[in-house]
Number of protein chains: 2
Amino acid sequence: MTSILVIGAAGMVGRKLVDALIARQHLRGTELSKLTLVDVVEPDVPTDAPCPVSAIACDFSAEGTAEKLISDRPDVIFHLAAIVSGESESDYDKGYRINLDGSRHLFEAIRKAGDNYCPRVVYTSSIAVFGAPFPDPIPDDFHLTPLTSYGTQKAIGEMLLADLTRRGMMDGIGIRLPTIVVRPGKANLAASSFFSGIIREPLNGQEAILPVDDDVLHWMASPRSAVAFLIHAAELDGEAIGPRRNLTMPGVAATVAEEIEALRKIGGEARVKLIRREPNEIIQRIVGGWPRRFDAARATSLGFKADSSFEAIVRTYIEEEGISV
Amino acid sequence: MTSILVIGAAGMVGRKLVDALIARQHLRGTELSKLTLVDVVEPDVPTDAPCPVSAIACDFSAEGTAEKLISDRPDVIFHLAAIVSGESESDYDKGYRINLDGSRHLFEAIRKAGDNYCPRVVYTSSIAVFGAPFPDPIPDDFHLTPLTSYGTQKAIGEMLLADLTRRGMMDGIGIRLPTIVVRPGKANLAASSFFSGIIREPLNGQEAILPVDDDVLHWMASPRSAVAFLIHAAELDGEAIGPRRNLTMPGVAATVAEEIEALRKIGGEARVKLIRREPNEIIQRIVGGWPRRFDAARATSLGFKADSSFEAIVRTYIEEEGISV
């Protein structure tokens, strides 16, 4: 029996992870025994779970909270909670408090739990741990020089996770997620929002703004792949990973032009016409500092699988969100 | 006028740095106005200083201490304080408290000081931020995968320094020091101790133990070079460095055989005979996981200079310590 704690369970990826866990009913070879869902807002409790589910609204970074969250010793902890890139940049204190101190409190609570408690901790890191200038493709052993506070905080979390795991104090794996595309719902204020928007909005019959050139290349994965990465990381043999516990996830490198071509093929020319080019120098500059393509050889050799193409990413979105085309 | 704070001033490199600052009487183009020396034991106050010197014994990592240390707004801060590798591994809490929390408290005190206070902070990092397996040579953009808690703590300090500097909250430069050879004084318990010992002990007419094979290659710098790195880092134009504020220092890659050859040339065959080979598998294994040779291209292009040869390192030791050969 496997008990699971999901921190950050109310977010887009968190909700899809919970749905996937419930659908498969098992993890690490045994049935689910308990699912504890945590977020800053109370996560929805699914009604079709094969085991007891509890939902907790709390600030997981607050003093003493991590100790409570692990008090019944979950076997697997998915740590997805984070202040996103933009807010970590605009609110220095909040970003460091949640993304660094929160992760550290969690890891320290595990270390101090006693009873040889050593759960598998799956930590969502980000390709933001890398900073330009980049080689193309970026190899697995490229150095971590984040250019944002968010990337810095994620990189520090990776280091703590690796050290505590090396010392046998927990069993962590960090996975650096590509940009998740196509995000369902509304556009947000992230500079990366348009990578989803130019697919999502036209498929819903709405206009989308394209602020960058058609030749911009980006590294992406579907929400379904992100969930598959998390579950694979939870089940992976720790011995096989070795001491380098943080892995760049495989993705699809596609240009904006290739995105548009996939939209044309799936949704037709009329939808492509809903994309309006409105160049934005600020966004162009931000996106220019992001990683574009990785040689995610280690993750691939450990069995993590990318989406097969950008077209496949769009078809996944259509299928998961029930869009008619 | 330049005021200077040295944290970790009672250590071997700290003392030599203070001597060098006093000898040159200026830094960053202006005369020294004040020198504040801090360590966990009270640093010696030099009598020949061209400016007021104060010595403070304190735990710089304790709550509120960093704020006091920077209360008179030193222009340059040398942060050399650290729990060494071995002790950081054996005492988890102490290592994290001093090496991580101590550095973070210092950086946060600077950030919160107000009045646009933005001192140059020279942070001593270490080649321990890297972990095997390595390419040979190790390039400037090799990833940080420390295999010790000490290396983890140093790497986290580097990340915090880079982020706060990027945000204009301080003006930091991190320098990754090679192993410092020849260390004066007695052998210590560090696994690297023999790299100094096989030179120092024979030059003093004493037997030295060599626990590894003659073909072991290592990356080294003299104490004099380490001091020159620190001073150069204090004076370097921040614009020239760019956003990657942590630099691997140039060193001399020499094998144990080359060390012995330098000893023979300088001290004669009789002294070489004082080296006793006593292979130690544990030390051989530890040393095998250490970096051996770097392509320190960035630091070199920024004007940091390595010792010219291992022989020059030995001659520096003889000169600085007044050894007769």
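Summary of computed values
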item	result
Criterion violated by B:Val314 - all others in (1) modelled with pLDDT under 95; (2) touching a helix residue (DSSP H, G or I) at 6+ places or on another chain (Cβ under 8 Å); (3) surrounded by 18 or more Cβ atoms within 10 Å (Cβ to Cβ) satisfied	(1)
Residue check for B:Ala162: surrounded by fewer than 18 Cβ atoms within 10 Å (Cβ to Cβ) and part of a helix (DSSP H, G or I)	no
Residue tally, condition in contact with a strand residue (DSSP E or B) (Cβ under 9 Å, 6 or more places away or on another chain) and buried (at least 19 other Cβ atoms within 10 Å of the Cβ), over region B:213-227	9
Inter-residue pairs, beta-carbon under 8 Å, first more than 7 Å from chain B (Cβ to nearest Cβ) and farther than 16 Å from A:Pro243 by Cα and in region A:149-168, second in a helix (DSSP H, G or I) and among the β-branched types (Val, Ile, Thr), 6+ apart	A:Gly151/A:Val129; A:Lys154/A:Val129
Any hit, region A:256-268, residues being surrounded by fewer than 20 Cβ atoms within 10 Å (Cβ to Cβ), of a type in the set (D, E, K, R), farther than 24 Å from A:Val212 by Cα and at pLDDT 95 or above	no
Filter pass, A:Ile77 being of a type in the set (Val, Ile, Thr), in contact with a Ser or Thr (Cβ under 7 Å, 6 or more places away or on another chain) and either at pLDDT 95 or above or surrounded by fewer than 21 Cβ atoms within 10 Å (Cβ to Cβ) (or both)	no
Condition broken by A:Val287, with the remaining ones in (1) without any contact (Cβ under 8 Å) to a residue 60 or more places away in the chain; (2) closer than 23 Å to A:Ala191 by Cα satisfied	(1)
Listing of helices (runs of 4 or more DSSP H) fully contained in region B:171-279 that carry 1 or more residues being without any contact (Cβ under 8 Å) to a residue 60 or more places away in the chain	B:193-203, B:238-241, B:256-267, B:269-272
Residues located in region B:280-319, provided they are in contact with a strand residue (DSSP E or B) (Cβ under 9 Å, 6 or more places away or on another chain) and over 27 Å from B:Pro137 (Cβ atoms)	none
Out of A:Gly11, A:Gly64, A:Gly29, sole residue that is surrounded by fewer than 21 Cβ atoms within 10 Å (Cβ to Cβ) and within 22 Å of the chain's Cα centre (by Cα)	A:Gly11
Number of the condition not met by B:Ala187 [criteria: (1) in contact with a Gly (Cβ under 6 Å, 6 or more places away or on another chain); (2) farther than 26 Å from A:Thr165 by Cβ; (3) within 12 Å of chain A (Cβ to nearest Cβ); (4) at pLDDT below 95]	(3)
Subset of region A:1-32 [in contact with a helix residue (DSSP H, G or I) (Cβ under 7 Å, 6 or more places away or on another chain) and among the charged types (D, E, K, R)]	A:Lys16, A:Arg28
Search result, residues across region B:40-64 that are touching a residue at least 40 places away in the same chain (Cβ under 8 Å) and in contact with a Leu (Cβ under 9 Å, 6 or more places away or on another chain)	B:Ala55, B:Phe60, B:Ser61
Count - residues of region B:116-142 that are aromatic (Phe, Trp, Tyr), outside any strand (DSSP E or B) and either at the interface with another protein chain (Cβ under 10 Å from one of its Cβ atoms) or buried (at least 23 other Cβ atoms within 10 Å of the Cβ) (or both)	2
Among (1) over 19 Å from B:Gly131 (Cα atoms); (2) crowded, with 22+ Cβ neighbours inside 10 Å; (3) not small (Gly, Ala, Ser) - the single one B:Leu247 does not satisfy	(1)
First in region B:117-128 and in the same structural domain as B:Met159 (by TED's automatic domain parsing), second anywhere and among the aromatic types (Phe, Trp, Tyr) and surrounded by 23 or more Cβ atoms within 10 Å (Cβ to Cβ), Cβ under 6 Å, 6 or more apart	B:Val122/B:Phe78; B:Ala128/B:Tyr150
Region A:98-125, residues that are at pLDDT below 95 and touching a Leu at 6+ places or on another chain (Cβ under 8 Å)	none
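The values are calculated or read from the model by the stated rules, or taken from the named source; none is laboratory data. None of the values given here were measured: they were computed from a predicted structure. Cβ atoms come from the backbone with ideal geometry, glycine included; neighbour counts cover every protein chain shown.
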